1. Is the stretch 6-13 home to any residue that is of a type in the set (Gly, Ala, Ser) and part of a helix (DSSP H, G or I)?
2. Could you list, in sequence order, the residues of the stretch 98-135 that are in contact (Cβ under 8 Å) with a residue 40 or more places away in the chain, surrounded by 15 or more Cβ atoms within 10 Å (Cβ to Cβ) and not in a helix (DSSP H, G or I)?
3. So, in the stretch 136-147, of the ones that are of a type outside the set (A, V, I, L, M) and touching a residue at least 40 places away in the same chain (Cβ under 8 Å), which residue ends up surrounded by the most Cβ atoms within 10 Å (Cβ to Cβ)?
4. I need a count of the residues in the stretch 14-44 that are in a helix (DSSP H, G or I), among the aliphatic types (A, V, I, L, M) and either closer than 23 Å to ARG171 by Cα or in contact with a strand residue (DSSP E or B) (Cβ under 9 Å, 6 or more places away or on another chain) (or both).
5. Pick from the stretch 194-205 the residues that are of a type outside the set (S, T, N, Q) and touching a residue at least 60 places away in the same chain (Cβ under 8 Å): which of them is farthest from GLY100 (Cα to Cα)?
6. Among the residues of the stretch 180-209, write down those that are assigned to a helix (DSSP H, G or I), buried (at least 22 other Cβ atoms within 10 Å of the Cβ) and of a type outside the set (S, T, N, Q).
7. Do we find a residue being under 30 Å from TYR254 (Cα atoms) and assigned to a loop (DSSP other than H, G, I, E, B) anywhere in the stretch 74-85?
8. Hey, any hits in the stretch 148-164 for a residue that's of a type in the set (Lys, Arg), surrounded by fewer than 17 Cβ atoms within 10 Å (Cβ to Cβ), without any contact (Cβ under 8 Å) to a residue 24 or more places away in the chain and not in a helix (DSSP H, G or I)?
Amino acid sequence: MIVFPVIDPVAVQIGPLSVRWYGLMYLLGFTAAWLLGRHRAARPESGWTPALVDDLITYCVLGVVVGGRVGYVLFYDFMGLVHDPLLLFKVWQGGMSFHGGALGMCAVFWYFGKKTGRTFLAVSDFTSPLAPLGLFAGRIGNFINAELWGKPTDLPWGMVFPDPRAGSLPRHPSQLYEAGLEGLALFAILWLYSSRPRPTGTVTGLFLVCYGLFRFTVEFVRTPDAQLGYLLFGWVTMGQILSLPMILVGAALYLTARKNVFAAARTRPGKKKSGRKNKA
């Protein structure tokens, strides 16, 4: 068993104003995405400029925050919203939902693409490799808050979380599992894959498949939200239900994009042979 490193969730306190680590993690994630995006935009063949990246990240902040909060209350605490419509604005109760944030990002991709003359997939392909470091930072914020812990375990890295609801048993540090998989591993996969030109839609498809698989897997050792519990068969969680469509849509998108490229290559007319005919 590893002793949980208790960290004050409040990073800075100035009078009545407090700055929490969780909020700083979001700031760190958006900053990382902005820097990575400007780095990619500097490549001559990127088709992007640093100014476009600045605008895109600004819209992404809005999409993630609004979509993430709306998604949480709809997916994870709908009855709470019915009883208290102001719950939507009580961000200190329940937090954010990745899947809601993803839907918010879809709205951003559509709007930004329409505004700049790009397709939805062109925007999402550029943005997808920028997101995982933000996911990593967000999960570290969950860990600092000692929330979203895992199921009890006898593995040597099990931790006893300070929240009384977690009990005294060592539990999986599922926040760190997700930070490693949805954050670092996903970043490495997407950054390397997108380092050279790829068929439009494949980067987005790969993001959806990998994130969905990583999240679906970790949910097996993560304690479900108390207000929902298990939704199907005594083991299926809301996170798994929401991740499954991501896997299916991502796989279809990736395979379709690859198939279209191969089909176009086969139908492309070949070069005509030239040469003088021999006279009889």
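1. Filtering the stretch 6-13 for residues of a type in the set (Gly, Ala, Ser) gives 11.
Filter again for part of a helix (DSSP H, G or I), leaving none.
No, that holds for no residue.
2. ALA131
3. The qualifying residue surrounded by the most Cβ atoms within 10 Å (Cβ to Cβ) is GLY138.
4. The qualifying residues number 1.
5. Only one residue tops the list, namely PRO197.
6. GLU182, GLY183, LEU186, LEU190, VAL203, GLY205, LEU206, PHE207, LEU208 - these are the residues of the stretch 180-209 that are assigned to a helix (DSSP H, G or I), buried (at least 22 other Cβ atoms within 10 Å of the Cβ) and of a type outside the set (S, T, N, Q).
7. yes
8. no
Laboratory data are not the source of any read-out in this text; all were calculated from the coordinates shown. None of the values given here were measured: they were computed from a predicted structure. For neighbour counting, all protein chains shown are included, and Cβ atoms are generated from backbone atoms with ideal geometry for every residue, glycine included.
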